[in-house]
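The next block holds one structure in the form of structure tokens; read it before the comments.
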Amino acid sequence: GSMTVSRHMSFPAALGPSVSRVAFEAGRGIFRTGATPRHIYFIEEGSVRLIRHGREGEDVVLHDARPGEFLAEASLGSARYHCDAMATESSVLLRVPRQALEQLLEADPSFARDWIALLAGQLRTLRARVERLSLRSAKERIRHLLLSEGRGPHCELEVDGSLKDLARKLGLTHESLYRTMAAMQREGLIERHGLRLSLTHHQPPTV
């Protein structure tokens, strides 16, 4: 039977009928390297870590996925999963049978266009995140976030989740995030109202 589709904007409504909602406790595995991909997943709540195992037994974290992101979308057209996925906190995921997604992609051109747009959006966000994490200072990371993800002339951004989640996304301790934001407010660089941040006036990006 059909179910209520995710409240996240980025989850395509057309997938609704084939979806099931599953909960995972912290530390639970979602899929393992080498297994045949039967599902792709969408994170509603919580976070999921993608891990690859090195030859020496070391773990390499490929990605910490957050709500609003798909998991295992890269396994479409692949014979096996290329990493492990593990819930790093109590999480709720939407599980889509891979077959249902592949059938929709073939049968429904407008869904296929939506799917491509969605993946392109995820790619843009990831590229910006990679670039942001290469910046040295907390101040530069906050400015980069507003310039790359904010909307309108003042680069307004409504923080998704808590400020602790934002700190994690920026690769900062939350103490450092609070301190830097307070300093930027004092210097008149940003405005902050609760979880809404913006640049005070459009500042040209520093090259």
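The values are calculated or read from the model by the stated rules, or taken from the named source; none is laboratory data. Predicted model only: the values in this text are computed from it and were never measured. For neighbour counting, all protein chains shown are included, and Cβ atoms are generated from backbone atoms with ideal geometry for every residue, glycine included. Ligands, DNA and RNA are excluded from the accessible area calculation, which covers all protein heavy atoms including side chains. Shrake-Rupley method; radii C 1.70, N 1.55, O 1.52, S 1.80 Å.
For the stretch 177-200, what are the residues that are part of a helix (DSSP H, G or I) and either open to solvent by less than 20 Å² (accessible area, probe 1.4 Å) or within 23 Å of Gly152 (Cβ to Cβ) (or both)?
Within the stretch 177-200, Leu177, Thr180, Met181, Met184, Gln185 meet the criteria.
State the number of residues belonging to the stretch 66-87 that are buried (at least 21 other Cβ atoms within 10 Å of the Cβ) and of a type in the set (A, V, I, L, M).
4
Specify which of the listed residues (Arg52, Arg38) is open to solvent by 70 Å² or more (accessible area, probe 1.4 Å), touching a helix residue (DSSP H, G or I) at 6+ places or on another chain (Cβ under 8 Å), modelled with pLDDT of 90 or more and not polar (S, T, N, Q).
Testing whether each residue is open to solvent by 70 Å² or more (accessible area, probe 1.4 Å), touching a helix residue (DSSP H, G or I) at 6+ places or on another chain (Cβ under 8 Å), modelled with pLDDT of 90 or more and not polar (S, T, N, Q) leaves just Arg38.
Which of the residues belonging to the stretch 93-131 are among the basic types (Lys, Arg) and surrounded by 12 or more Cβ atoms within 10 Å (Cβ to Cβ)?
Within the stretch 93-131, Arg95, Arg98, Arg124, Arg129 meet the criteria.
Which condition number in (1) under 24 Å from Leu126 (Cα atoms); (2) modelled with pLDDT of 95 or more; (3) aliphatic (A, V, I, L, M) is the one that Ala65 fails?
For Ala65, the failing item is (2).
Scanning for something in contact with an Asp or Glu (Cβ under 6 Å, 6 or more places away or on another chain), modelled with pLDDT under 90 and open to solvent by less than 70 Å² (accessible area, probe 1.4 Å), does the stretch 5-20 turn up at least one residue?
yes
Residues that are more than 21 Å from Gly171 (Cα to Cα): find the strands (runs of 3 or more DSSP E) completely inside the stretch 9-121 holding 3 or more of those.
It comes to 20-24, 29-31, 39-45, 91-97.
Only one residue in Ser134, Ser90 is modelled with pLDDT of 95 or more and open to solvent by 40 Å² or more (accessible area, probe 1.4 Å), so which one is that?
Ser90 is the lone residue from the list that is modelled with pLDDT of 95 or more and open to solvent by 40 Å² or more (accessible area, probe 1.4 Å).
I'd like to verify a number: residues in the stretch 152-176 that are closer than 14 Å to Ser47 by Cα and open to solvent by 30 Å² or more (accessible area, probe 1.4 Å), how many?
Looking only at that region, the number is 7.
Quick check: anything in the stretch 144-151 part of a loop (DSSP other than H, G, I, E, B), under 17 Å from Thr200 (Cβ atoms) and either touching a residue at least 24 places away in the same chain (Cβ under 8 Å) or open to solvent by 60 Å² or more (accessible area, probe 1.4 Å) (or both)?
Looking for residues that are part of a loop (DSSP other than H, G, I, E, B), under 17 Å from Thr200 (Cβ atoms) and either touching a residue at least 24 places away in the same chain (Cβ under 8 Å) or open to solvent by 60 Å² or more (accessible area, probe 1.4 Å) (or both), one finds at least one in the stretch 144-151, hence yes.
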